[in-house]
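Contents: one structure, followed by commentary.
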Amino acid sequence: MSCMLGVHPADARIWSDTVRRDLALALENHKPVAIGEIGLDFFRGETNVDTQLVAFNEQLDLAITLGIPAVIHMRSSEPLMLDTLNNRKSLPELLFHSYDGSATLTDWIIGAGAYIGVGGLATRSKSGALQHEIRRVSLDRIVLETDSPYLAPNGFKHRRNTPESIPRIASFLAGLFGIDDATVARQTTLNAERLFERLPPAR
Ligand SMILES: [Zn+2]
């Protein structure tokens, strides 16, 4: 089991120089595979916009310093997310987790060679537009995720999502791309190993 570490945008109000120093120390000590989830979340209104931006940018800087990827959480914040990323001098490798972006963001991701995480959200019957965007992303830029305990895929027997649902996500993607499940499993595993260099190799 490997971990990532970071201050989630929902907790951005705690961000301070002390928290940044503590996080930098924890990142050095625990060698997580990524910094995350970090990002911008205005689902409950545009609160703490400035603090969220500072926490997000300073954690992107930490990821660059440490040479590890950043895993992005983005909710109700796409225009400011794109502005923020476009206004930076440099970026670490990026994974947009539980991807749910527009065509504009998908274009940006394709151009930047960033990764998207696909999970239960994409399997839902109302997710036609999302499925269309996912189909535009190259399969070698997609990783599978649960976002456990949330977002169980369609037809999963438990309400609480667990890694047990991952083969179902792989099957779903295989259907979307018109390829077989084993190809999706192999390629998304390779992608995860390429993105998260510190992951121990899969058996
Ligand atoms: Zn998230």
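The values are calculated or read from the model by the stated rules, or taken from the named source; none is laboratory data. The shown structure was predicted, so the numbers you read here are calculated from the model rather than taken from an experiment. So basically every Cβ, Gly included, is an ideal-geometry build from the backbone, and we count neighbours across all protein chains shown. With ligands, DNA and RNA removed, areas are computed over all heavy atoms of the protein, side chains included. Shrake-Rupley method; radii C 1.70, N 1.55, O 1.52, S 1.80 Å.
So the values come out like this:
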| read-out | value |
| --- | --- |
| Positive dipole terminus of the range 4-195, leading residue within Leu23, Phe96, His132 (C-beta point charges) | His132 |
| Theoretical gain in end-to-end length, Lys89 to Cys3 [0.36 nm per residue, Cα-Cα removed] | 28.2 nm |
| Lys, Arg +1 and Asp, Glu -1 on Cβ, resulting dipole of the chain about Cα centre, debye, nearest 20 | 560 debye |
| Centroid-to-centroid separation of the range 19-64 and the range 122-196 [C-alpha atoms, Å] | 26 Å |
| Vicinal HN-Hα couplings computed from phi for the range 92-100 (Karplus, 6.51 cos²θ - 1.76 cosθ + 1.60; Hz; Gly/Pro x) | x, 5, 10, 10, 8, 7, 6, 4, 8 |
| Three semi-axes of the equivalent ellipsoid, the range 1-51, Cα gyration tensor, whole Å, largest first | 23, 14, 6 |
| Rounded to 10°, Cα long-axis angle of helix 166-177 versus longest principal axis of the chain | 70 degrees |
| The chain - Rg and Dmax from Cα coordinates, angstrom | 16.6, 50 |
| DSSP-assigned coil residues among trypsin sites (Lys or Arg not before Pro) in the range 4-87, each with at most 13 further Cβ atoms within 10 Å | Arg44 |
| Heavy-atom accessible surface of the chain: percent carbon and sulfur, 1.4 Å | 52 percent |
| Probe 1.4 Å, protein heavy atoms only - accessible area per residue of the range 4-195 in square angstrom | 49 Å² |
| Mean projected area (nm²) of the alpha-carbon convex hull when the range 70-116 is viewed from all directions | 3.0 nm² |
| C-alpha long axis of helix 17-30 to longest principal axis of the chain, angle in ° | 50 degrees |
| Principal-axis tilt of helix 49-66 within the chain, Cα atoms, nearest 10 degrees | 80 degrees |
